[in-house]
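*Asks:* Mind having a look at this structure? Questions to follow.
The values are calculated or read from the model by the stated rules, or taken from the named source; none is laboratory data. Values in this document were obtained by computation on a predicted structure and should not be read as measured data. Glycine gets a Cβ as well: all are built from the backbone with ideal geometry, and neighbour counts include every protein chain shown. Quick note on the areas: whole protein, heavy atoms, side chains included, nothing else; ligands and nucleic acids left out. Shrake-Rupley method; radii C 1.70, N 1.55, O 1.52, S 1.80 Å.
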Amino acid sequence: MTVAGHVERRAGENPPGGPRRTRTRRGATRPREARRAYLLIAPALLLLALVVGYPIVKAVHQSFLTDPGLDKATGMFDEGNNWFGLHNYTHWLLQQCASPDGGYTSCPSGALGSQFWSSVGVTVGFTVVAVALETVIGMGFALTMHRAFRGRALVRVAILIPWAIPTAVTSKLWQVMFDPQGVINKLLGTHYAWTSSLWPARSAIVIADTWKTTPFIALLILAGLQNIPAETYEAAKIDGANAWRRFTSVTLPLVKPALAVAVVFRALDTLRMYDLPQILTGGSNGTTTSSILVVDQLTRGANSASALSTLTFVLIFVIAFGLVRLLNANLFGAQAKAVR
C-alpha cells in the first residue's frame, strides 16, 4: 500500500474512543438541510402562488361563468356569475352569438365575437414580419457596433435611443409622421393617409415597432458577439475563409444562443402588443390584435373577456414553447454566458 493510500484509509477510520462519524456521499443533501432549504424558499413560493397563480386560476374560473345582462327566457336582468360551461369558449372559437330565440347563431360581421380568428391572424402576422425585420436589421446594427472605429460610443447611444423611448410616445411620434401632412408624405411628395386603409395601416405599425425595438435585439446580439474570441476569426482567415464564410461558419453558430433569446423575447412582446396599434390606429382597418380585443370585451363582460384572455394565454404559451423547441434556446444559460 502506498503512503497516500494508507493516509486515505486512516482518514476514513473513526478516532479511537471518539464518536462514530457517519460517512455522507458527496453531493447528497442531509434531511435537516433539505427541510431548512424548503423553509427558506417557502415564502418566495407562497408569494409567487399569490401574485402569479391566483390571477390565472381566478381568470380561468370566471371564464366558465355568465356575464350580467337580460335573461331572454324571463326578460329580467340577470346579475351573472352563474355556471355557463364552455359557452364563453365556443363564443370565441366557433364565433357563436346568442340569438333572439334563446339559441346560438353565427356572430354578425363587426361583432367582437366574429373578430377572434382575424385578431389572432393579425397578431401572428405582426409577430412574424416584425421579428424577422428586427432580427435582420438588429444583426446589422450589432455587427456595426462590434467593430472598432472612431465614434463607436456615439453610434451605440444613437442606435439605442429608440428603445429607451416609451411606447406611448413612440406611437404618437409615428402617428404625427404618418399624418397626411406629416414628414413621411413630405419626403415622398404625397398626401396619403397611411392609417386609413388595411395594408398601409398594418405597414405603419410594423415600421414603428421595428424602429423602436430593433435596438433590443441588436444589444443582445452584440453581447453574444463580444464573447467570440478574436483567435477564432484569425484561425478562419488562415484557413482561407472569406468574410461571408466567416460570418456563416463562425459568427452565426457562436452567436446563436444570444440570437435565440432575442427572438423568443421579442416574439413574446409582439404577441402581447397593445399600446402601439391602439394609439396609432385605434385597432381599426384590420389592426385589431388579440390584446386590443380583450380590452374591448372587458367593457362588455368580464367573464367572457376572461375566456378570451385564457385563449390568448394558451396561444402565446404554445407559440413560445414551439419557438424554444425550434431554436433549441437555453434562455437562462445563454443569458448567463452573455453577462459573463
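*Asks:* Report the one residue of Ala164, Phe178, Phe141 whose Cα lies farthest in the direction of the positive end of the charge dipole of segment 91-202 (charges on C-beta: Lys and Arg +1, Asp and Glu -1; origin at the Cα centre).
*Replies:* Phe141
*Asks:* Relative to the first principal axis of the alpha-carbon coordinates of the chain, what is the inclination of helix 31-48, with its axis defined by its Cα atoms, in degrees from 0 to 90 and to the nearest 10?
*Replies:* Between helix and principal axis, roughly 20 degrees.
*Asks:* Using only C-alpha positions, report the orientation-averaged shadow area of the convex hull of the chain, nm², one decimal.
*Replies:* So the Cα hull casts an average projection of 32.1 nm².
*Asks:* If one takes the longest principal axis of the Cα atoms in the chain, at what angle in degrees, from 0 to 90 and to the nearest 10, does the Cα axis of helix 198-225 lie?
*Replies:* So the helix axis and the longest Cα principal axis differ by about 10 degrees.
*Asks:* Right, another one. For the chain, modelled as a Gaussian network with Cα springs under 10 Å, which listed residue fluctuates most, Leu93, Leu308, Leu293?
*Replies:* Of Leu93, Leu308, Leu293, the Gaussian network model singles out Leu93 as fluctuating most.
*Asks:* Would segment 266-327 count as rounded, prolate or oblate if I go by the C-alpha gyration tensor, calling it rounded below 1.5 in a/c and otherwise prolate when a/b exceeds b/c, oblate otherwise?
*Replies:* Because a/c hits 1.5 or more and a/b fails to exceed b/c, segment 266-327 counts as oblate.
*Asks:* Once amide H atoms are placed 1.01 Å from N in the peptide plane, what residues at a sequence separation of 5 or more from Leu65, or on another chain, have their amide H within under 5 Å of its amide H?
*Replies:* Phe84
*Asks:* In addition: Dipole magnitude of the chain about its Cα centre, charges +1 at Lys/Arg Cβ and -1 at Asp/Glu Cβ only, in debye to the nearest 20?
*Replies:* The dipole magnitude comes to about 2240 debye.
*Asks:* Using a Cα distance threshold of under 23 Å, what count of lysine pairs results for segment 159-300 when pairs must be 8 or more residues apart or interchain?
*Replies:* 5
*Asks:* Have a look at Leu298, Leu48, Leu70 and report the one farthest towards the positive end of the charge dipole of the chain, computed about the Cα centre with Cβ charges (Lys/Arg +1, Asp/Glu -1).
*Replies:* Leu48
*Asks:* For Val60 and Leu154 in the same chain, what is the full-extension length gain: residue separation times 0.36 nm, less their Cα-Cα distance, in nm?
*Replies:* 28.9 nm
*Asks:* How many percent of the accessible area of the chain is carbon or sulfur, using a 1.4 Å probe?
*Replies:* Roughly 65 percent of what the probe reaches on the chain is carbon or sulfur.
*Asks:* Still on this structure, please answer the following. Using amide H atoms built 1.01 Å from N in the peptide plane, name the residues 5+ places from Cys97, or on other chains, whose amide H lies under 5 Å from its own.
*Replies:* The list, which skips near neighbours in sequence, is Thr105, Ser106, Cys107.
*Asks:* Going toward the positive end of the dipole of the chain, with +1 on Lys and Arg Cβ and -1 on Asp and Glu Cβ, which of Gly286, Val250, Leu93 do you reach last?
*Replies:* The listed residue farthest towards the positive side: Val250.
*Asks:* According to a simple spin-label model (label point 7 Å from Cα along Cα-to-Cβ), what is the distance in nm between Thr248 and Leu40?
*Replies:* 5.1 nm
*Asks:* Moving on to the next point. Using alpha carbon centroids, what distance separates segment 75-99 and segment 260-317, in Å?
*Replies:* 21 Å
*Asks:* Just tell me the longest site-free run in the chain, where the sites are GluC sites (Glu not before Pro) in a DSSP loop having at most 16 other beta-carbon atoms within 10 Å.
*Replies:* Looking at the chain, 80-340 is the longest stretch - no exposed GluC sites (Glu not before Pro) with at most 16 other Cβ atoms within 10 Å.
*Asks:* Rounded to the nearest 20 Debye, what is the dipole magnitude of segment 82-205 about its Cα centre when Lys and Arg each give +1 and Asp and Glu each give -1 at the C-beta?
*Replies:* That gives a dipole near 800 debye.
*Asks:* FRET efficiency for Leu187 and Glu33, Cβ-Cβ distance as r, R0 = 56 Å, nearest 0.05?
*Replies:* So, using R0 = 56 Å, E works out to roughly 0.25.
*Asks:* In addition: Please give, to one decimal in nm, the separation of the simple spin-label points placed at Leu86 and Tyr233, each 7 Å out from Cα toward the Cβ.
*Replies:* So the label points at Leu86 and Tyr233 sit 5.7 nm apart.
*Asks:* I'd like the chymotrypsin sites (Phe, Trp or Tyr not before Pro) in segment 107-152 restricted to DSSP loop residues with at most 15 other Cβ atoms within 10 Å, sorted by number.
*Replies:* The qualifying sites are Phe149.
*Asks:* Working from Cα positions, state the angle (0 to 90°, nearest 10) between the long axis of helix 302-327 and the longest principal axis of the chain.
*Replies:* Here the helix axis deviates by roughly 40 degrees.
*Asks:* Just to confirm, what accessible area per residue do you get for segment 151-280 at 1.4 Å probe, in whole Å²?
*Replies:* Per-residue accessible area for segment 151-280 comes out at 52 Å².
*Asks:* About the Cα centre of segment 138-211, what is the dipole size in debye to 20, counting +1 per Lys and Arg Cβ and -1 per Asp and Glu Cβ, all else neutral?
*Replies:* About 360 debye.
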